[in-house]
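The values are calculated or read from the model by the stated rules, or taken from the named source; none is laboratory data. Predicted model only: the values in this text are computed from it and were never measured. No Cβ is skipped: glycine too gets one built from the backbone with ideal geometry, and neighbour counts run over all protein chains shown. Only protein heavy atoms, including side chains, enter the accessible area calculation; ligands, DNA and RNA are left aside. Shrake-Rupley method; radii C 1.70, N 1.55, O 1.52, S 1.80 Å.
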Amino acid sequence: LLLYVFLEQILGAPKIFSKFDLPSDGQLVQGSGGVHLLQPDKAIPSYQMVFGKSLIVGDPKDAIDQAFVTLEAIKNDTSREVRFVESTSFDKQFSPEVAEHLKSLILPTKEQCITHDTAFGVFLGYSLGLDAENKSSKQFRTELVEKMRLDIENHISYITDKIKAAKMGRYSFYFYFLPFNDADNEKQSIMGSLHTYSW
């Protein structure tokens, strides 16, 4: 859900599928949390298929490592788009008109100049490591923003190294970080609440 919010509402890339839309026996996106379609430049008929991955892990470095296992699997599966388009769930998910339009974007013909690239959207939830005790709300928010800035800056070079090591420098990446007080435990409590109040 958080991955969807960041990619669709912040990045502006409408969802094509989330893993919950796919058949239980389908392996169309190799562990990806969803697939979104982004047009980076509205003036140019070119699109990015953004494969999303979300992780909530206490240590951001561990979250980055785990994310790249999936990202490399997606990169190495060159037939993913064909399987994705040919899946029966594709036509069930959309009206025939929308399905045909999306197919024309993903599998362009000789008559069309529309192209698409592969990109990756990564949502990382991690433990912030700040103690809110004896701090005013304003003071805590100020420290939170500064700690997040430092956390992200401290991991930029690590992410860059992972991209280079995976030979993925030609792809676009969109990273989103969200702090938790205790990511590992809060992840479980959130999932428990969703099961309790599922609709």
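Taking K and R as +1 and D and E as -1, what net charge do the other residues with C-beta under 15 Å from the C-beta of TYR126 add up to?
On the way: positive: LYS53, LYS61, LYS147, ARG149, LYS187; negative: ASP59, ASP62, ASP65, ASP151, GLU153, ASP182, ASP184, GLU186.
So the surrounding residues net to -3.
Not counting ligands, DNA or RNA, and with a 1.4 Å probe, what is ASP41's accessible surface area in Å² rounded to the nearest 10?
Accessible area of ASP41: about 70 Å².
Given a 1.4 Å probe and heavy atoms of the protein chains only, how would you sort ILE106, ILE156, largest accessible area at the top? Kindly include the intermediate steps, with their values, before the conclusion.
On the way: ILE106 5, ILE156 90 Å².
In descending accessible area the options line up as ILE156, ILE106.
Which pairs break 26 Å Cα to Cα here: LYS75/LYS103; LYS15/LYS187; LYS61/LYS103; LYS61/LYS147? The partial results should precede the final answer.
Details: LYS75/LYS103 20 Å; LYS15/LYS187 23 Å; LYS61/LYS103 37 Å; LYS61/LYS147 15 Å.
Over 26 Å apart, Cα to Cα: LYS61/LYS103.
What number comes out for the charge environment of VAL57, summing +1 per Lys or Arg and -1 per Asp or Glu over other residues with Cβ under 10 Å away? Spell out each step's value before the answer.
Numbers: positive: LYS61, LYS187; negative: ASP59, ASP62, ASP65, ASP184.
Taking every other residue near VAL57 into account, the sum is -2.
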